[in-house]
Amino acid sequence: MVNGQRISEQTEKRLYAGIGEMHVAHNPHQLIIMGLGSCIGLSLYDRTAKVGGVAHIMLPDGNNGDQERSCKFANHAVPALLKEMIRNKAKKEQIVAKIAGGASMFTAIDTLKIGERNTVVVKEELKKAGIRLIAEDTGKTCARTVTLDTRTGKFSVKTKEGVKTM
Amino acid sequence: MGERLKEEDLVLSPFQQGALNELGNIASCHAVTSLAEMTGLTLDIDMPSADVVQIAEAKEVIDAEKIVAGISLQLNGEFTGNLRILFPVKSAFAIIDILMGKTPGDTKGIETDMEKSALLEIGNILASSFCDAISDLLQFPLLPSTPSFSFGMMGAMMEDAIIAVSYKEKTDYIILLRCDFTDESKKGFYGYIMLFPRMDGLKTILNMLDAAVN
């Protein structure tokens, strides 16, 4: 079904990344992460190739074991998503990053400060990989849903107050 | 730290599954009864469930974007865990109306400390009844911590609980004991109780349940 497949590739799809998962897709698909709390939604996008990728990162660092595609830990997720982007014909020099999340939902008992640490480690990893971070919406106590539109690279962040596009 | 927990390590026998369900059932019934007594609402509980959930798919079992008022407590005793009591916006407003003696529909936001305290107190009472029931059943003390309040998406609150119970463990799975409750006479009032036991304490719970029936 060559025809059938081509149609389905052109139809806009919405791909949801669960905790510790990543998705890479070409124009025109939408990549979505719902209900981010202290986790980080990392978005990478190459405007020329129109390839985008998101990762739903849960913890700052840790050993992933044998699961190569897992994005649970920031120290593993950044290189893993970058590799997947390049495998999908994105050029490293053209890739820019946007991040959202890293909130502290329950401030009174947030002794671990996971959200804050997640944000720091993701930024460090991006710097190490040589990827430019061009927008961020992190911290505070608000939950966020993020959507990366692979047609335009627009990264929209939805909170209970409304939607803003970065 | 041991080996990574696999799904097969978490396969519950029918007995264990039933026992966990029952534990959740009894504890939730106690908690919901205390809420009903305090608010005068007629509350029904839906069939409680105890499930092994893959972390990557965890947000699919709930409505991740639903805005809820959430109360979070840590449970400490022979096992530890994280208890979440969640109320959708309108139900949270209804509880505040009742507790603060306002006309139904008066509360339109959760801004002031009074409103937050009202919900925290509800969380306290529900959690205490929940823990008492488990303590009675398994014969050991289980105590809730002071409650903490948050207002936002349900998915984010779940994420937070998953991190709290699994960040030290090598696991891709969590156990979720969940109970939904509603007031059928007053359409639209509902809430959720969710218990996330810490994974290292799961064996303890199962052993105690074994001992309790034998």
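The values are calculated or read from the model by the stated rules, or taken from the named source; none is laboratory data. No experiment lies behind these values; they were computed from the predicted model shown. Cβ atoms come from the backbone with ideal geometry, glycine included; neighbour counts cover every protein chain shown. Areas reflect the complete protein model, heavy atoms only, side chains present, ligands, DNA and RNA absent. Shrake-Rupley method; radii C 1.70, N 1.55, O 1.52, S 1.80 Å.
Selection within the stretch B:26-81: residues that are within 14 Å of chain A (Cβ to nearest Cβ) and of a type in the set (Asp, Glu). The member of this set that is nearest to the chain's Cα centre (by Cα) is B:Asp63.
Using the structure shown, decide if A:Ala25 is farther than 22 Å from A:Thr138 by Cα and open to solvent by less than 10 Å² (accessible area, probe 1.4 Å).
Criteria met by A:Ala25.
Got at least one residue in the stretch B:72-81 being among the aromatic types (Phe, Trp, Tyr) and touching a residue at least 24 places away in the same chain (Cβ under 8 Å)? Yes, the stretch B:72-81 contains at least one residue that is among the aromatic types (Phe, Trp, Tyr) and touching a residue at least 24 places away in the same chain (Cβ under 8 Å).
When B:Asp113, B:Asp136, B:Asp132 are screened for being in contact (Cβ under 8 Å) with a residue 60 or more places away in the chain and either surrounded by fewer than 16 Cβ atoms within 10 Å (Cβ to Cβ) or among the acidic types (Asp, Glu) (or both), only B:Asp132 passes. B:Ile174: under 16 Å from the mean Cα position of the chain (by Cα), at the interface with another protein chain (Cβ under 8 Å from one of its Cβ atoms) and either of a type in the set (A, V, I, L, M) or open to solvent by 10 Å² or more (accessible area, probe 1.4 Å) (or both), yes or no? So B:Ile174 does not fit the description; no.
Residues in the stretch B:59-73 that are touching a helix residue (DSSP H, G or I) at 6+ places or on another chain (Cβ under 6 Å) and open to solvent by less than 30 Å² (accessible area, probe 1.4 Å): B:Lys59, B:Ile62, B:Ala64, B:Val68, B:Ala69, B:Gly70, B:Ile71, B:Leu73. Note on the stretch A:101-139: residues that are away from chain B (no Cβ under 14 Å) and part of a loop (DSSP other than H, G, I, E, B) total 2. Among the conditions (1) under 27 Å from B:Thr146 (Cα atoms); (2) in contact with a Gly (Cβ under 8 Å, 6 or more places away or on another chain); (3) free of Cβ contacts under 8 Å to residues at least 12 places away in the same chain, B:Val68 misses just one, which is (3). Residues in the stretch B:125-153 that are more than 13 Å from chain A (Cβ to nearest Cβ), among the polar types (S, T, N, Q) and under 14 Å from the mean Cα position of the chain (by Cα): B:Ser128, B:Ser129. Tallying residues that are surrounded by 24 or more Cβ atoms within 10 Å (Cβ to Cβ) and out of contact with any strand residue (DSSP E or B) (no Cβ under 9 Å at 6 or more places or on another chain) within the stretch A:28-58 yields 0. Taking the criterion of being away from every other protein chain (no Cβ under 13 Å) and either open to solvent by 10 Å² or more (accessible area, probe 1.4 Å) or of a type in the set (Phe, Trp, Tyr) (or both), the residues of the stretch A:140-161 that qualify are A:Asp149, A:Arg151, A:Thr152, A:Lys154, A:Phe155, A:Ser156. Output yes when any residue across the stretch B:34-50 is without any contact (Cβ under 8 Å) to a residue 40 or more places away in the chain, at negative phi, open to solvent by 30 Å² or more (accessible area, probe 1.4 Å) and assigned to a loop (DSSP other than H, G, I, E, B), and no when none is. Among the residues of the stretch B:34-50, at least one is without any contact (Cβ under 8 Å) to a residue 40 or more places away in the chain, at negative phi, open to solvent by 30 Å² or more (accessible area, probe 1.4 Å) and assigned to a loop (DSSP other than H, G, I, E, B), which makes the answer yes.
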